[in-house]
Amino acid sequence: MKLYEYIIRRLILMIFVLLGISLIVFYLARGFPTGIDPVTPYIHSKMTAEQIEMVRKIHGFDQPLYIQFFYWLRDILQGDWGITGTWANSRPTNVVFFSHFPYTVELSVAATILTVAIGLPLGIISALKNNKLPDHVSRIIALAGYSTPAYWFGFVLQLVFFYYLSLWGLPHLPSSGASGMEGVVSRITGMPVLDGILAGNLGYTLDALAHLILPAFSLSFISMGFLTRIVRAGMLEVLRQDYITLARSKGLTERVVIYRHALKNALIPAVTLTGMFFALLLGGAMITEYVFAWPGVGQISLRAVFQGDSNFLLVYTLVTAAIIVIANLIVDVLYVFLDPRIKY
Amino acid sequence: MSKIRGISTTAIVAIIAVLVVVAGVAWFLTAPPAPTKPKFVDENKLVYESGNTYQWMDPHVSYYQFDYWTIWHSVETLVWYERENPTKIIPWLAESYTQIDPTTYEFKLRHNIKFQDGTPFNATAVWFSLNRLLIIDGTSGDPVHPVHGSQAAWMVQQLLDVSLSSALSGEDQAYDAAWVQAVLDQNFVEIVDDYTVRIHIQTPTTQFLPIMTGPWAGIVSPSSTIAGDYEYGGWGTWDGNYVTYFVHRAGSGDTAFNVPEHGWKIGTGAYYVESVDPTTYKIVLKAFEDYWGGPDSINLPPAGKQRIETIEFVYQPSFSTRLLDLKAGTATGIGVPEVDIFSVADRDKWINEGKLVSIIDGVTVHGVYPTFNTWWLSFNTNVTNPDKTFKSWQPFADFRLRMAAACSINLTYANIYINNRLSVLANNIIPPGTAPEGSYNPDVKPIFSFNLTKAAELIKDAYEHPLTSATHKMHYYNGTDIPPGVVDNSFSPANPKYIEFYVQSGADTFIKIFTTMADNLNAISRSKYGLMWRVVIVPGGQQYTLASRHQIDSYIGGWIADYNHVIDWLIPMYLSSGTYFSWNRWSLKVLDDLCDEAVEADKAGDITRLLEINDEMNRIANEQLVYMVWWHDTEYYTRSSWLKSWYMNPVYGVDLWSSMYYETP
């Protein structure tokens, strides 16, 4: 099978996967015995019973579940993704989701870049200096990374890099938010850093970058630990292979042996991990976004959970599932380029 | 490598380096310098962080307290409250008012007041604004499925022909040109001349002035409002006829001003809305330079003090982050949940001395202040299954089980040790300070007190002599009476039954209290009688939905007065078609009759009789134990000590920043 055939096949399969997910999620959200009543987010404490029934009728929540599902599916396909409750100003669900999504993309990209930029070299150094001080330091960092709760690490970062530095009158990072200069540049992509660059506004871009550092580092710290460990293990295994010994015996420089021959093969599990990590982040990092008031989909979906907004949660789950399926596909395709032995 | 007693010098150097770093960090963290002048003082900006977000910012649509905070600074009303006596109503945009007859009020308007868009405030603006409220009659921002009948419109519609209101008539209105004309033909606002209006109501009431203080009665600039709505609605060019605009606007709360990303300048208030970000929920207000200042300039800082230039409402969901921002001087004020009060206030001083004293340098905790709301446990009758069939198990139809539940908690203890003493224990539903004076009567007391022995006796009696037929208060969902034998309140270890307390997620204090009650009651009845009590935690909206459908045994309820008047308590709380009685399915004819009498006494201006009826209704409700009344809320505010001239309005529970300024504490 050619690669493009494989991709088409996977994309077709994806439709069925998403349909299955939507069915399960719809049932869990609307039909499960302890599920949240879909009318919940529209209700406030001063509504009369008649007004509440009116809301139910208007939105079709009084119909049997299977009819609701088909109505919902039809509406989704027609681009009507329903509306959110009053907590999100009763705006269309897709408008709410996609107004927050760029923030999550920016945070995910930044966290992934940091993960790779720090985790990869640490893993390599750790393998090359096996059981020496750099290895021990690297392993401590990795261990700290994946054993530290994200919300706690976020608070520690805020405490040190915002609170104490600001108290001492030193340059410090903002505690939260995505930008301190809202409205200075017009929204093009919805990603503050990118919008600043596109608008050519250096001040805005730097301010947006400053806001990005702490949440991105907080997020990357966890995955950095995992990546370091995976790269270290992969490198150690590869470095013991015969073809590495052969490469060295041919007189190749250590740099060429490590980066051209060893690293490429050791990277396959690392690519899988990074790809999945990135995909998961695109679904929103609820706690980190909450702590740093980062206006991404993670924070908004957390609010939707507490409000019982099944309209939003359905869309959120479907889009997140699609992202993960697509990320899986991209990772699988990348294998072909990393390891020519892999065929589909 | 050289070694000292087996330890390499590298290791020793490394250990010393680590110790130095640790000591340095410890010193850095534990010895911060004294706080300096916060940045917001230099910028003359007020930053308020909270975990709340706005819902609707159009004054004629909103009924949400957090929205009022913004709206009050931007839009003003004909009458409002005196600063030193913040429940006393005084003329505001009006220069004076006179009641000509029981249904007619004449307002002389102030001259030389400008809207933020530069247009003059006059009688036409009053006519336009108050009719716009009646004609919008909707809340939802959803243009496809507008929800008709809004709390905001309802406030004033109750004074007029209720058949023209979706909420009050129970009939969805046509919202066409004929309906618009019918609303206008009520002649609610009559323009006498450019600066005089007469307001005609159809039901005489002493509530008229309190109702006119609400944000829903805010006066807006006709030209900017119409221009904004036309652009937002894509309605083309306005033909200059107000009726044309009203026909477009009829029945829809989806206006240009709910989520004004590019701000608005439609009010006469001290600040205009500079921007609203629907993604970050940040709201920025800017000082209106030509602000008239309020009566006798009471809404401006003292002479020589500079008004705060910018107000920012920032959504910050994490309390820990808010607290850091306050301590670091990047936030002027923050929202502090009740459970976190001792993160900002001295616990001992509050519990022992009743004083809220800040434990943070440069921060003042203001309060506590009474507010007009009450929390209670609703005991429901006529509980139905989701398919609307009547349940045979009706625990709270039985007075003994209501009383047993009420006796299972020491509310005084709960208020001190669970609620951190942040409320005032309630005797009945009416909070202190309710108008007219005398409405609050602490002599009408609850009939229960903490007594587990009594609870055990009551449960035992209910077990031995279970309720087996409907009481006079019970009827089917469609209103027909329930014949004997349908109700079966028997329970035993072989036939166990549950009683559920519903509570909304996040309401930590209430959850703890319910858990204590359930623990106490289960200790009495679980194994011995097979009667089990449990707490069910659901989102707030879910709780209200289930309550409105009569599907739960009980829930925690709260009423915040829409305006300060006793009628706004008696009707929703005690009338069988009122909000809570309708949810709880209580139907006491005696209370219905008294509600009618109260309205009549109010119409006639007979305050003495109104107060007598109020006492009688509260007494009956307490005796029947229709609610287990808990407490009246209080408010407190955590603000930078640099902020001076601080005050708040208890009726709407918001602090007002128009007259505030910064000064060294």
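The values are calculated or read from the model by the stated rules, or taken from the named source; none is laboratory data. Remember, it's a predicted structure, so these values are computed and weren't measured experimentally. Every residue, glycine among them, receives a Cβ derived from its backbone with ideal geometry; neighbour counts consider all protein chains shown.
In table form, for the structure just shown:
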read-out: Complete set of residues in the range B:376-395 that are modelled with pLDDT of 90 or more and under 28 Å from the mean Cα position of the chain (by Cα); value: B:TRP376, B:LEU377, B:SER378, B:PHE379, B:ASN380, B:VAL383
read-out: Identity of the residue in the range B:549-604, within 11 Å of another protein chain (Cβ to nearest Cβ) and aromatic (Phe, Trp, Tyr), that ends up nearest to the chain's Cα centre (by Cα); value: B:TRP559
read-out: Restricting the range B:155-174 to residues that are more than 12 Å from chain A (Cβ to nearest Cβ) and not in a loop (DSSP other than H, G, I, E, B), the residue that is surrounded by the fewest Cβ atoms within 10 Å (Cβ to Cβ); value: B:SER163
read-out: When residues of the range B:45-83 are limited to those that are farther than 20 Å from B:TYR315 by Cα, more than 11 Å from chain A (Cβ to nearest Cβ) and not charged (D, E, K, R), the one farthest from the chain's Cα centre (by Cα); value: B:LEU78
read-out: Members of the range A:164-182 that are closer than 24 Å to A:VAL193 by Cβ and assigned to a helix (DSSP H, G or I); value: A:LEU165, A:SER166
read-out: A:GLY154 vs. criteria within 20 Å of the chain's Cα centre (by Cα) and either within 13 Å of another protein chain (Cβ to nearest Cβ) or part of a loop (DSSP other than H, G, I, E, B) (or both); value: yes
read-out: Residue in the range B:329-345 that is outside any strand (DSSP E or B), modelled with pLDDT of 95 or more and either acidic (Asp, Glu) or in contact with a Cys (Cβ under 7 Å, 6 or more places away or on another chain) (or both) present; value: no
read-out: Pick from the range A:39-89, criterion within 26 Å of the chain's Cα centre (by Cα) and β-branched (Val, Ile, Thr), ranking: nearest to the other protein chains (Cβ to nearest Cβ); value: A:ILE83
read-out: Scope the range B:421-446; condition more than 22 Å from the chain's Cα centre (by Cα) and buried (at least 18 other Cβ atoms within 10 Å of the Cβ); matching residues; value: B:VAL444, B:PRO446
read-out: Residue in the range A:32-45 that is in contact with a Ser or Thr (Cβ under 6 Å, 6 or more places away or on another chain), of a type in the set (D, E, K, R) and farther than 30 Å from A:ALA178 by Cβ present; value: yes
read-out: Count of residues meeting criterion [assigned to a helix (DSSP H, G or I) and either under 27 Å from the mean Cα position of the chain (by Cα) or closer than 17 Å to B:GLY269 by Cβ (or both)] in the range B:88-127; value: 2
read-out: Residues located in the range A:183-211, provided they are in a loop (DSSP other than H, G, I, E, B), more than 12 Å from chain B (Cβ to nearest Cβ), aliphatic (A, V, I, L, M) and more than 22 Å from the chain's Cα centre (by Cα); value: A:VAL185
read-out: Tally of residues being without any contact (Cβ under 8 Å) to a residue 40 or more places away in the chain and surrounded by 15 or more Cβ atoms within 10 Å (Cβ to Cβ) across the range B:71-94; value: 1
read-out: The lone exception for B:ASP137 - which of (1) at positive phi; (2) out of contact with any strand residue (DSSP E or B) (no Cβ under 8 Å at 6 or more places or on another chain) it fails; value: (2)
read-out: Test: B:VAL22 is loosely packed, with under 14 Cβ neighbours inside 10 Å, among the aliphatic types (A, V, I, L, M) and not assigned by TED's automatic domain parsing to the domain that holds B:GLY214; value: yes
read-out: From the options A:GLY177, A:GLY169, residue that is at the interface with another protein chain (Cβ under 10 Å from one of its Cβ atoms), under 18 Å from A:LEU209 (Cβ atoms) and of a type outside the set (A, V, I, L, M, F, W, C); value: A:GLY177
read-out: The lone exception for B:GLY605 - which of (1) small (Gly, Ala, Ser); (2) over 30 Å from B:ARG402 (Cβ atoms); (3) surrounded by 17 or more Cβ atoms within 10 Å (Cβ to Cβ) it fails; value: (3)
read-out: So B:ALA182, is it without any contact (Cβ under 8 Å) to a residue 24 or more places away in the chain, more than 14 Å from chain A (Cβ to nearest Cβ) and among the aliphatic types (A, V, I, L, M); value: yes
read-out: Any hit, the range B:596-605, residues being outside any helix (DSSP H, G or I), at pLDDT 90 or above and farther than 16 Å from B:ASN428 by Cα; value: yes
read-out: Selection status of A:LEU23, of a type in the set (A, V, I, L, M, F, W, C), surrounded by 18 or more Cβ atoms within 10 Å (Cβ to Cβ), more than 9 Å from chain B (Cβ to nearest Cβ) and in contact (Cβ under 8 Å) with a residue 40 or more places away in the chain; value: no
read-out: Residue list for the range A:224-246, restricted to those being within 20 Å of A:ILE113 (Cα to Cα) and among the basic types (Lys, Arg); value: A:ARG229, A:ARG232
read-out: Subset of the range B:574-602 (residues that are surrounded by fewer than 23 Cβ atoms within 10 Å (Cβ to Cβ) and closer than 27 Å to B:THR77 by Cβ); value: B:GLY578, B:THR579, B:VAL599, B:ALA601
read-out: Test for B:GLY269: is it closer than 24 Å to B:HIS366 by Cβ, surrounded by fewer than 23 Cβ atoms within 10 Å (Cβ to Cβ) and away from every other protein chain (no Cβ under 14 Å); value: no
read-out: Positions within the range B:279-294 being closer than 19 Å to B:TYR68 by Cβ, within 12 Å of another protein chain (Cβ to nearest Cβ) and not in a strand (DSSP E or B), in sequence order; value: B:TYR281, B:LYS282
read-out: Members of the range B:100-118 that are among the hydroxyl-bearing types (Ser, Thr, Tyr) and surrounded by 16 or more Cβ atoms within 10 Å (Cβ to Cβ); value: B:THR103, B:TYR105
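Let's see how each residue does on (1) within 14 Å of chain A (Cβ to nearest Cβ); (2) in contact with a strand residue (DSSP E or B) (Cβ under 6 Å, 6 or more places away or on another chain); (3) small (Gly, Ala, Ser):
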| residue | (1), (2), (3) |
| --- | --- |
| B:SER297 | no, no, yes |
| B:GLU312 | yes, yes, no |
| B:PHE319 | yes, no, no |
| B:ILE341 | no, no, no |
| B:ASP348 | no, no, no |
| B:LEU356 | no, yes, no |
| B:ILE359 | no, no, no |
| B:THR371 | no, yes, no |
